[in-house]
1. Considering only the stretch 210-327, give the helices (runs of 4 or more DSSP H) lying wholly within it that have at least 2 residues that are touching a residue at least 24 places away in the same chain (Cβ under 8 Å) and out of contact with any Cys (no Cβ under 7 Å at 6 or more places or on another chain).
2. I need a count of the residues in the stretch 118-152 that are polar (S, T, N, Q) and open to solvent by less than 20 Å² (accessible area, probe 1.4 Å).
3. Kindly indicate whether any position in the stretch 92-103 is in contact (Cβ under 8 Å) with a residue 60 or more places away in the chain and either of a type in the set (A, V, I, L, M) or not in a loop (DSSP other than H, G, I, E, B) (or both).
4. Exactly one of (1) under 35 Å from the mean Cα position of the chain (by Cα); (2) surrounded by 20 or more Cβ atoms within 10 Å (Cβ to Cβ); (3) farther than 15 Å from Ala66 by Cβ is unmet by Phe159. Its number?
5. So which of Gln316, Gln278, Gln340 ends up being open to solvent by less than 40 Å² (accessible area, probe 1.4 Å) and at pLDDT below 90?
6. Checking Ala330 against (1) small (Gly, Ala, Ser); (2) part of a loop (DSSP other than H, G, I, E, B); (3) at pLDDT 85 or above, which single condition isn't satisfied?
7. Quickly run through the stretch 441-456 and pick out the residues that are open to solvent by less than 60 Å² (accessible area, probe 1.4 Å) and either among the aromatic types (Phe, Trp, Tyr) or in contact (Cβ under 8 Å) with a residue 24 or more places away in the chain (or both).
8. State yes or no: is Ala51 out of contact with any strand residue (DSSP E or B) (no Cβ under 7 Å at 6 or more places or on another chain), touching a residue at least 24 places away in the same chain (Cβ under 8 Å) and under 26 Å from Ile225 (Cα atoms)?
Amino acid sequence: MGPVRLKSLLHLVYVWLTIVAGVVLLWRYAPTLDLDYALELALLALLVMLANWLVVFLPHGQLSAAYAVVLAAFILYGPGVAAWVNGVATVLAQGIVNRGNPARTALFNGMQYVIAVAVGQLAYALSGGHPVDRLTVANVFPLLAFTAAYFATNHLLVFVYGFPVRTRHPLVSWTDAVRWDALTYLVVVPVGGLMALLAGAVGFAAAFILFLPLLAVQAFMRRHIRLEITNRELMVLHEITCALTASLDPDALLRLVLKGASRIVPYHTGVIYLRANQEATGEHEFVVRAVRSRYARELFHSRSGVDEGLVGWVLQQGRPVLVPDARADADLCRMPGLTQFLRSLIAVPLYAEDEIIGLLIVGERRPQAYGDRHLHLLSIIGGQAAVAINNALLYRRIAQMAATDELTGLCNRRHFYDRARGALEQARSSGAPLALVIVDIDGFKAFNDCYGHLAGDAALVEMAGVLR
């Protein structure tokens, strides 16, 4: 078993172990539930669902105001209610408002909160927290310990969950997620305490109303984080533009495009096709010239006709295309190649002088991984890349024309002299032997006089092929 498959298997085992641990904890907490408070528990669960529907999703976790409900439930009813309300409501909310994640992701998110409550309860007990009367001044430190343990457990579980793909999200790091979540807790924790206080002194309706402004705070955090990520994206686009203008090596540019794209649009596999005649290898094919993927070895130098498979489909569209789920498309799901292991795809034709010289394709294994924002960003990169790649190919072609004989494709006199002089100097410095072979075509003048210069040129081309 390869290291990639082993890592994926370990990841899957970890996810299901977390889910099973959460379910076991819920089963153990079940006897502590008091159904006399069924209405209050249902309202708490509704608040958690609302918070999850407005959640701020990050590559390394998610931000929501749901902890205010968890803290209030823990203070009022104990860890059992806090675990059940948070865990079950999260699974239901993310199952209803599904964002393309598999069912096990919603289960993992819900059960991680159950485990976090259990660890928080342990920290609360070890800190000397009162087992029943939790809303007292003496319990402030134990409640803070509960909060800290809950916070740390959540982020630790998410850190391990995201470990296999962490390097694919450089714009938003794990420390960013921790920092933003910590800022959210500064507002959420006091509100959670006030909710418990109002529920005990005035009534549950007051606590319910107090939570609603938190949703506005959560919406503000979502907007703030999106603005910060947008600023980072613009900086990366600027850096990519500067880097593309600094190189005239086509191969280096292709690698740079894929690397730069991964900083803005995370992907499992990124591929750049170039039209084969750009490299004088044919006229009706596109060849993979750059890959960033676990399967780079299998994909590199693979070919596709202009009417075949995914390449032909994108060329037919003639514009950037977003595929939310390849398996849901009757045509794409039957195509060989990328669509067999990538479900979310973005394909951008690379135009130069109104001609498609290549294709930039990125994809993820899960569906619904990309949106219009990703399509827009990758289209910008594709437009910049097309100009830079075309210029680099033209420069390479001009350099080849300046160094080679137009008829035979061999070195011209000047380029041959430069290479021979370099080889001679290297042989002198290293002491290695050096040989020079001189070839003559017998009776070439008579051949030209008899059959004509076109036939003579054909003979020279044939001889050049033998030498090459």
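1. Values: elements: 250-262, 296-299, 309-317.
Output list reads 250-262, 309-317.
2. Qualifying residue count for the region: 2.
3. no
4. Only one criterion is unmet by Phe159, namely (2).
5. On the way: Gln316 fails: open to solvent by less than 40 Å² (accessible area, probe 1.4 Å); Gln340 fails: open to solvent by less than 40 Å² (accessible area, probe 1.4 Å).
Answer to the selection: Gln278.
6. Only one criterion is unmet by Ala330, namely (3).
7. Taking the stretch 441-456 first, the residues open to solvent by less than 60 Å² (accessible area, probe 1.4 Å) are 441, 443-444, 448, 452, 455-456.
Within the stretch 441-456, Phe444 is the sole residue that qualifies.
8. On the way: out of contact with any strand residue (DSSP E or B) (no Cβ under 7 Å at 6 or more places or on another chain): yes; touching a residue at least 24 places away in the same chain (Cβ under 8 Å): yes; under 26 Å from Ile225 (Cα atoms): yes.
The answer is yes for Ala51.
The values are calculated or read from the model by the stated rules, or taken from the named source; none is laboratory data. All of these numbers come straight from a predicted model, not from anything done at the bench. Cβ coordinates were reconstructed from backbone atoms using ideal geometry, including for glycine residues, and neighbour counts include every protein chain displayed. When the accessible area is computed, the model is the full protein with side chains, heavy atoms only, and any ligands, DNA or RNA have been set aside. Shrake-Rupley method; radii C 1.70, N 1.55, O 1.52, S 1.80 Å.
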